[in-house]
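Read the structure below first, then the notes.
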Protein chains: 4
Amino acid sequence: MIIQLQQGIPADLKEKILQQVKTVGFKGTEVLTQEGHYIVGIGKKDFDIRTIGQLPGVADIHRVSDEYKLISRKWKVEPTRIDLGEGVVIGEGQFSIMAGPCSIESEKQIELVVEHLKANDVKIMRGGVFKPRSSPYAFRGLGLEGLQMFYRICRENGIKIITEVMQVSQIEDMVDYVDVFQVGARNSQNFNLLDSLGEAQKPVLLKRGISGTLEELLQAAEYIFSNGNEKIMLCERGIRSYEGAYRNVLDLNAVPVLKEKTHLPVIVDPSHGIGLRNYVEQMSLAAVMAGADGVIYETHQKPEEAFSDGQQTVNFQESERLIKRMRKAYELRESF
Amino acid sequence: MIIQLQQGIPADLKEKILQQVKTVGFKGTEVLTQEGHYIVGIGKKDFDIRTIGQLPGVADIHRVSDEYKLISRKWKVEPTRIDLGEGVVIGEGQFSIMAGPCSIESEKQIELVVEHLKANDVKIMRGGVFKPRSSPYAFRGLGLEGLQMFYRICRENGIKIITEVMQVSQIEDMVDYVDVFQVGARNSQNFNLLDSLGEAQKPVLLKRGISGTLEELLQAAEYIFSNGNEKIMLCERGIRSYEGAYRNVLDLNAVPVLKEKTHLPVIVDPSHGIGLRNYVEQMSLAAVMAGADGVIYETHQKPEEAFSDGQQTVNFQESERLIKRMRKAYELRESF
Amino acid sequence: MIIQLQQGIPADLKEKILQQVKTVGFKGTEVLTQEGHYIVGIGKKDFDIRTIGQLPGVADIHRVSDEYKLISRKWKVEPTRIDLGEGVVIGEGQFSIMAGPCSIESEKQIELVVEHLKANDVKIMRGGVFKPRSSPYAFRGLGLEGLQMFYRICRENGIKIITEVMQVSQIEDMVDYVDVFQVGARNSQNFNLLDSLGEAQKPVLLKRGISGTLEELLQAAEYIFSNGNEKIMLCERGIRSYEGAYRNVLDLNAVPVLKEKTHLPVIVDPSHGIGLRNYVEQMSLAAVMAGADGVIYETHQKPEEAFSDGQQTVNFQESERLIKRMRKAYELRESF
Amino acid sequence: MIIQLQQGIPADLKEKILQQVKTVGFKGTEVLTQEGHYIVGIGKKDFDIRTIGQLPGVADIHRVSDEYKLISRKWKVEPTRIDLGEGVVIGEGQFSIMAGPCSIESEKQIELVVEHLKANDVKIMRGGVFKPRSSPYAFRGLGLEGLQMFYRICRENGIKIITEVMQVSQIEDMVDYVDVFQVGARNSQNFNLLDSLGEAQKPVLLKRGISGTLEELLQAAEYIFSNGNEKIMLCERGIRSYEGAYRNVLDLNAVPVLKEKTHLPVIVDPSHGIGLRNYVEQMSLAAVMAGADGVIYETHQKPEEAFSDGQQTVNFQESERLIKRMRKAYELRESF
């Protein structure tokens, strides 16, 4: 059950509503976000919803039987759009392209990518400064200094930044230098990190786990929302399987299913998804037709020299062709 | 190693070549198909390929390091096109649509589907008469009589037939009434069936196994080819996974990868793939953009009353819209 | 619903029962096996079971809500024991060991294995003469002649034979030379083969599919039973997974779960399960403690020279140690 | 490459060794643990190992080609034993039993479990106070206060504590109240947490990820070791699969394989592994025979009233029987 409260509801009215939620046998959780003020009621009893709906201070009330509540499309039919400022918006009605290297490597590299993005009218650059690596001896990213350099160059060029955050303590350091926090597949059920990103208010791109179910992904998003942050997008990035012919199985089935279950934007990462440079284009175009609100992919001036993930990274020429084709595919989709 | 023999090679020349294959330490298998005459050599030794290449009767010779040989694109770069007659061709340069019910149910049903297909210029109808069912007590199809009825009506209307064959002994009975034999996922490694279909000469659509690897699918196709039948198409139909939100995970990654590995056409089955009627359209359109040479999907005049698979079957209105959109998507793909 | 009929029930009484099954809205299937005579009723309606139970000719009646019926332990609590003759019995109260090479290779090889088995009081020898192979160019077994040789030597030595059957047409040729037909993982849903093995009456060891569910395995067994053959044992042989450290994941969880769901014996194949010779012992001992009624594993006089599967085959010394340890583990289990 | 340094090596000698590591083209990382002082060299060049081995201050040097180094059995053949004090040791030569509820619920509950453990001579109690839950609205544990209560009662009774840590910031608060930190499956690649646990020096039980490979598990352990903590045990807890008959697939194949790859103790969690109370015993006994160094399972005075995981939790009577049988099985294994 989701109870939308009226703006600026007085404390005593709110308490009365919480009291009534308890009376009908539910556990009420208060949620205050950038956009609204809610009480989420969890319980299984059957009761007359009007006993709450008619209370002063209640703007609206909805039953939601899913395990996830606030992110469900059963409650909020209108798709969520996330405004990054300067006209950059993610969500239905747009097709968002986010591109850049796996790892931020140097000032020169950032400049080359930015130039490529600007030439193709792409507004969001990806790039990791904190890298989750299987081996403790591998390159783990340029860290905060790298991020500040990344931020400075992008700001000067009107480009928004998306980059991965790996732990709670990084949020405070990073928050002023990112436009979108990315949560990687390995952290998709790092609940403390999700809680803290709920409080941090900056938009979050949340990746599906290595073998994550859609249900787990949606509940992970509920963590962020219920801690105060509605600006969430979900990302399909490939699931683990027995098939050895590609790195992961990019699961495009997730796209239309997620779009029906939630009002949040759905982004696809074809680079990690299939993990093979030569097929990033086909999978990206397929993602467009499956209904994605955007893609995030890896590009580098010289993929074969990239610090990480070179085998799944396209060069600028391939990237340019991909951008043009995705835009045509999106145009066709919109014409349907 | 693949040795292409000259048309009408005399027996003694062929024997000399086989002898030389043995001499260099390889095991030679002679393959005679509708299209050509080959010797496939299996072995690991290194030798001067010219010792065979220069022999009389050899038209061409190729090294192929894959486990599958004759179906490899490393040897035959030109894509295979399968001509079903009356202008119906499957393979690159076409986008083939095959549609129809899961099970053939009645004369009336066939007529309704045929009418729908004709109205939309679709030339190939699918429909099962021998049904593989998990339970021995479930409906197992109308059998041979159903097939003959199916054949008669389609022939009268210029529609080609694709239907599933489940065992060797059915081939002889069915061969005169089908245009394409379908091998289901559960039979994708039924090697005796594959052998016999190789001898049967009719085109075969071979589905990937329930959890089949691409390598297994390609080797299964090699069974058919090496028994004399080049007219094979591969079909991605979803793989089994932990995800409970859909029946299978339609693995579109397989499409571009198979297209690179083999010269055979690649078809996608979105109905079994995702298993949910509402998302068949998005997955079909995505399949087009991923590079598929065609789709095979389930449609029925009243899906909710279908004998089987109703939950993944679209109605004629949905089917019509899907056909139109797939053709537009294919047109866009061809323009790239 | 399972209706057990009285022995030698007159046709007219049987027809009346079938009629009453229809009257209550169920579909009745008559099943006649070596052991009994049944009507299986499939339907969902609720009705008073006594309307059938009191009919003349009905020995007993049971509701079974599972998809599989005759093999369910809900109906037949007593475990099935399969008597191969000469005191060789498979099922609860015994721990059956079946061992031998992947492929039958030669007379000499059979003799060596037989000698090893006799020295260790093992009564059942495995060995393939028809081999399912991924590649059409690989060794496919010695065929029927190999089987006859295999049979002759084993009969002379009081050893029973288990060997794989791959297609319906082989059954007739093989039936006189086998004690147990093995159905491989790739044929676990080859429903025509299962039907025919139901008619063939010889005991069947049915392997779980490559990624088969327990539900599918149980329904596959129901195919055999409902065609007239109660002598079935199930075999866990490893499932496919993302983990590359072993060939398959031997799923011992299946053992206690199957033992609760069905009255059929459950056998474990550690050789294909983990696929690595060095760990066959630990997995076999674990299988004993998980509750298996037997194991089937690969042994060869010189595993490194075996025609197939050498990497998962133990030598005779390892085999002897394994047999001794399994028997001790079984003894401990029985003492609980 | 692992270079073991002499105890108390002077800084200048160490620098010379690091310099030489660099000279031969490797990247050297210094590791200082409770037990030793190492330099791990990462690189691919071939060189004469004696150029380093002969340097003053080098105690020993080993090539290790695995991605993980310090935890490899190729280097350290002797199994790691972890001493928790008061005679409680985990590792080869012992079979360790850790039991207790999923969640710590109350003082009374702890006392009942402690009493049960003491009566059965079990020395280590598990119990969660910080609970990772899929839904943000579910019970998330009693937190630090619960831990302090848990600690107090266990200390009074000579019982050691293992409990889950979910984030870096909890370590400092928890460290004085735990004997073993547990890292859950969802955090198995939370690299910052692993780094910090490396510094924290307390023993760590590291669970395999939801769909984690053994390689990933081993590299995760390397994170802890390379940050200074050798006291690590690995835990198999079931992997995700397509099979719906149980919660997870407890993968006992992992046990003998891990035991060969690493010198660390290997523990099995049958409760999460199969997720069904009735089969915990069989899977535990199987784990013993597969070679596990211990088990960790869930028990509760009234499983049906447990705050979480009741369906996989055994009661005290079942627990007692399990303990006795595991000890007998271990005794048998040791007799081999």
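With +1 on each Lys and Arg Cβ and -1 on each Asp and Glu Cβ, and nothing else charged, work out how big the dipole of region C:82-335 is about its Cα centre, in Debye to the nearest 20.
Details: 28 positive and 36 negative charges, 108 e Å.
Computed charge dipole of region C:82-335: roughly 520 debye.
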Under a crude label model (7 Å from the Cα following the beta-carbon direction), how far is C:Glu320 from D:Glu67 in nanometres?
4.2 nm
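Expressed as a rounded percentage, what relative contact order does chain B have, with Cα pairs under 8 Å and six or more residues apart? Before the final figure, lay out each step's value.
On the way: 688 pairs, mean separation 53.6, N = 336.
In percent, rounded to a whole number, it is 16.
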C:Lys261, B:Lys207, D:Lys45 arranged by Cβ crowding within 10 Å, fewest neighbours leading:
D:Lys45, C:Lys261, B:Lys207
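How much net charge surrounds A:Glu199 when only other residues with a Cβ under 13 Å from its Cβ are counted (Lys, Arg +1; Asp, Glu -1)? Intermediate results must be reported in sequence, preceding the final value.
Values: positive: A:Lys202, A:Lys231; negative: A:Glu172, A:Asp195, A:Glu230.
Taking every Cβ under 13 Å from that of A:Glu199, the sum is -1.
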When each copy gets a label point 7 Å from Cα toward the beta-carbon at D:Asp46, what are the spacings between them in nm, shortest first?
1.6, 7.7, 7.8
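What shape does region C:57-205 take by its C-alpha gyration tensor, where a ≥ b ≥ c are the square roots of the eigenvalues and a/c under 1.5 counts as rounded, a/b above b/c as prolate, and the rest as oblate?
Numbers: a/c = 2.34, a/b = 1.45, b/c = 1.61.
In terms of gyration-tensor shape, oblate.
When a/c reaches 1.5 or more, the comparison of a/b and b/c decides; with that in mind, is chain D rounded, prolate or oblate per its Cα gyration tensor? Don't skip to the answer; put the middle values down first.
Values: a/c = 2.03, a/b = 1.81, b/c = 1.12.
Prolate.
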If unit charges are put on Cβ atoms (+1 for Lys and Arg, -1 for Asp and Glu) and the dipole of region D:2-62 is taken about its Cα centre, the option from D:Pro56, D:Gly28, D:Leu13 lying farthest towards the positive end turns out to be D:Gly28
Closest approach to the D/B rotation axis among chain D Cβ atoms, residue and whole-Å value:
D:Tyr242, 3
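With each run of n ≥ 4 DSSP H residues scored as -39500 (n - 2.57), what mean residue ellipticity at 222 nm is computed for the protein assembly as shown after dividing by its residue count and rounding to the nearest 500 deg cm²/dmol?
Values: 44 runs with 472 residues, N = 1344.
When only DSSP H runs of four or more count, the value is -10500 deg cm²/dmol.
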Got the relative contact order for region D:2-62 handy, in percent, Cα pairs under 8 Å and 6 or more residues apart?
48 percent
Linear extension gain, D:Val77 paired with D:Ser335, 0.36 nm per residue minus alpha-carbon span:
90.7 nm
List residues of region C:56-97, by number, whose backbone nitrogen lies under 17 Å from a label position 7 Å along Cα→C-beta of C:Asp12.
C:56-58
Placed amide H near C:Phe95: partners under 5 Å, 5+ positions off or other chain
none
Under 5 Å between amide hydrogens, which residues at least 5 positions from A:Gly238 or on another chain qualify, with H placed 1.01 Å from N in the peptide plane?
A:Asp251
Taking a ≥ b ≥ c as the square roots of the Cα gyration tensor eigenvalues, with a/c under 1.5 meaning rounded and otherwise prolate when a/b beats b/c, else oblate, which class fits region B:108-176?
prolate
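For a protection proxy built on the mean count of beta-carbon atoms within 10 angstrom, sort A:106-114, D:280-288, D:80-88, C:188-196 highest first, please. Kindly include the intermediate steps, with their values, before the conclusion.
On the way: A:106-114: 17.6, D:280-288: 27.8, D:80-88: 14.7, C:188-196: 23.9.
Answer by packing, highest mean first, reads D:280-288, C:188-196, A:106-114, D:80-88.
Could you compute the FRET efficiency for A:Asp173 and A:Arg152, with r as their C-beta to C-beta distance and R0 at 22 Å, rounded to 0.05? The partial results should precede the final answer.
Details: r = 15 Å, r/R0 = 0.70.
Computed FRET efficiency for A:Asp173 and A:Arg152 comes out at 0.90.
Inside 10 Å of the C-beta atoms of B:288-297, what's the mean count of C-beta atoms belonging to other chains? Provide the component values of the computation, followed by the final result.
Numbers: counts 4, 15, 12, 6, 2, 0, 0, 0, 0, 0.
That average works out to 4.
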Residues of region D:249-279 with amide N under 19 Å of a point placed 7 Å along Cα→Cβ from D:Asp60
D:260-265
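A short reminder: the numbers here are calculations on the coordinates, not readings from a lab. Note that the structure is predicted; figures quoted are calculated from it, not measured. Cβ sites come from the backbone with ideal geometry, for glycine too, and all protein chains shown count toward neighbours.
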